[in-house]
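The values are calculated or read from the model by the stated rules, or taken from the named source; none is laboratory data. Bear in mind that the values here come from a model prediction, so they are computed numbers and not experimental data. Cβ coordinates were reconstructed from backbone atoms using ideal geometry, including for glycine residues, and neighbour counts include every protein chain displayed. To get the accessible areas, we keep the full protein, side chains included, count just its heavy atoms, and leave off ligands, DNA and RNA. Shrake-Rupley method; radii C 1.70, N 1.55, O 1.52, S 1.80 Å.
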Amino acid sequence: MDETTRNCEGFVGYEYKEVAVSRDMEGVYADGYPHFGWTLDRSESTAIGLSTTFLKFKRDRKIRNKAELTRLQRQFESNVREIEKLEQSKTTTASIAAFTIGLIGTAFMTGSVFAFLADMIPLFIVLAIPALVGWALPYFSFTRLTAKRAEAVLPLIDQQYDAIHEVCEKAHCLLA
């Protein structure tokens with residue numbers, strides 16, 4: 001063994017990965033990536049109030065089963081994105097419904113104001129009642145629709161977490 005080979009035995013070359021994740025999913029990434037050979041190097045938060053965190057990972061370049069680990073990592077990332085979409089879908093329909101009801105209430109209020117300015121008091125009252133209902137109802141419809149959607153989506157989210165668990169378990173076995 002020559003001198004250069006002896007000095008290089010402890011050398012480890014690393015590859016690096018930076019992942020922008022939502023604060024809600026930061027723990028999932030920090031717990032999941034080590035199963036693919038990555039170690040968390042550091043975490044950097046963006047400006048206060050923003051919901052994104054940057055996680056910086058590193059792993060040995062000469063890791064065994066790298067191609068299979070990369071495939072499993074992509075599957076993991078796909079499952080996490082699906083969870084994020086499902087979480088977001090809880091409020092999407094409810095928001096659209098609440099905005100639409102509020103907009104209709106505003107249209108009635110506009111008609112009511114014009115009726116008042118034209119000294120048509122009976123029409124003013126008739127239009128003001130649905131306007132006020134249209135302004136009060138969005139909150140209640142939003143909370144009801146969000147709860148209903150959350151109940152429907154919860155089993156799907158649990159399935160995705162189970163899939164993540166299986167993928168991480170397979171990857172961990174490849175590393176062992």
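Assorted remarks:
- Annotation: A136 fulfils all but one of (1) touching a Ser or Thr at 6+ places or on another chain (Cβ under 9 Å); (2) within 18 Å of T100 (Cα to Cα); (3) not basic (K, R); the unmet one is (1).
- Subset of region 56-73 (residues that are open to solvent by 80 Å² or more (accessible area, probe 1.4 Å) and either touching a helix residue (DSSP H, G or I) at 6+ places or on another chain (Cβ under 7 Å) or within 17 Å of T39 (Cα to Cα) (or both)): R61, K62, R64
- Taking region 10-126 and the strands (runs of 3 or more DSSP E) fully enclosed by it, the elements with 2 or more residues that are among the basic types (K, R) are at 52-60.
- For S43, the conditions (1) open to solvent by 70 Å² or more (accessible area, probe 1.4 Å); (2) modelled with pLDDT under 85 all hold with the exception of (1).
- Residue count for region 95-113, restricted to those that are out of contact with any helix residue (DSSP H, G or I) (no Cβ under 7 Å at 6 or more places or on another chain), β-branched (V, I, T) and either within 22 Å of A150 (Cα to Cα) or surrounded by 17 or more Cβ atoms within 10 Å (Cβ to Cβ) (or both): 2
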